[in-house]
Amino acid sequence: QVQLVESGGGLVQAGDSLRLSCAASGRDFSAYSLAWFRQDPGKEREFVAAILWTWTQTFYADSAKGRFTISRENNKKSVFLQMNALKPEDTAVYYCAAKIGDDQLTSSAGYNYWGQGTQVTVSS
């Protein structure tokens, strides 16, 4: 069992940066692949980035490549999303998610544990 709590969201202007954090509690944190998803009201939850339990590989949605960086610190049971050059279309609630294994990383259906989300709003 893993509990996830996100933080770091806020209201920023286009071009600004934010760093989202996700603190985990529970056992065997290092065994989980971790990801960030986002969701706008009325839209499906969208994959943003993922990092494997081995933390040697990362994956990004096309919209995040070159601007966002996912990282993890297993000794602190934390995963981060550094977001640079933010755009108004990045506005959404951002969720941290965890799963055992490294398959179907871009599908929200494959994740067992979710945080409550943190709001990111980017003004133009």
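The values are calculated or read from the model by the stated rules, or taken from the named source; none is laboratory data. Just so you know, these numbers come straight off a predicted model, no measurement behind them. Using ideal geometry, Cβ is built from the backbone for each residue, glycine included, and neighbour counts are taken over all protein chains shown. Note: areas computed on protein heavy atoms with side chains; ligands, DNA, RNA excluded. Shrake-Rupley method; radii C 1.70, N 1.55, O 1.52, S 1.80 Å.
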>> Quick test for you: out of ASN75, ASN84, pick the one residue that is open to solvent by 50 Å² or more (accessible area, probe 1.4 Å), farther than 18 Å from GLY117 by Cα and in contact with a Ser or Thr (Cβ under 6 Å, 6 or more places away or on another chain).
In response: ASN84
>> Residue pairs, Cβ under 8 Å, 6 or more apart or interchain, first in the stretch 96-124 and on the phi > 0 side of the Ramachandran plot, second among the acidic types (Asp, Glu). List them.
In response: GLY117/GLU6
> Exactly one of (1) at pLDDT below 95; (2) of a type in the set (A, V, I, L, M); (3) surrounded by 14 or more Cβ atoms within 10 Å (Cβ to Cβ) is unmet by ALA109. Its number?
Replying inline: (3)
>> Restricting to the stretch 87-106, give me the number of residues that are assigned to a strand (DSSP E or B), touching a Phe, Trp or Tyr at 6+ places or on another chain (Cβ under 8 Å) and open to solvent by 10 Å² or more (accessible area, probe 1.4 Å).
In response: 2
> Of all residues in the stretch 45-64, which are closer than 20 Å to GLY9 by Cβ, in a loop (DSSP other than H, G, I, E, B) and either open to solvent by less than 10 Å² (accessible area, probe 1.4 Å) or of a type in the set (Asp, Glu) (or both)?
Replying inline: ALA64
> Could you say whether any residue in the stretch 11-32 is in a strand (DSSP E or B), of a type in the set (D, E, K, R) and open to solvent by less than 60 Å² (accessible area, probe 1.4 Å)?
Replying inline: no
> Of (1) among the hydrophobic types (A, V, I, L, M, F, W, C); (2) touching a Gly at 6+ places or on another chain (Cβ under 7 Å); (3) free of Cβ contacts under 8 Å to residues at least 40 places away in the same chain, ALA49 satisfies all except one. Which?
Replying inline: (2)
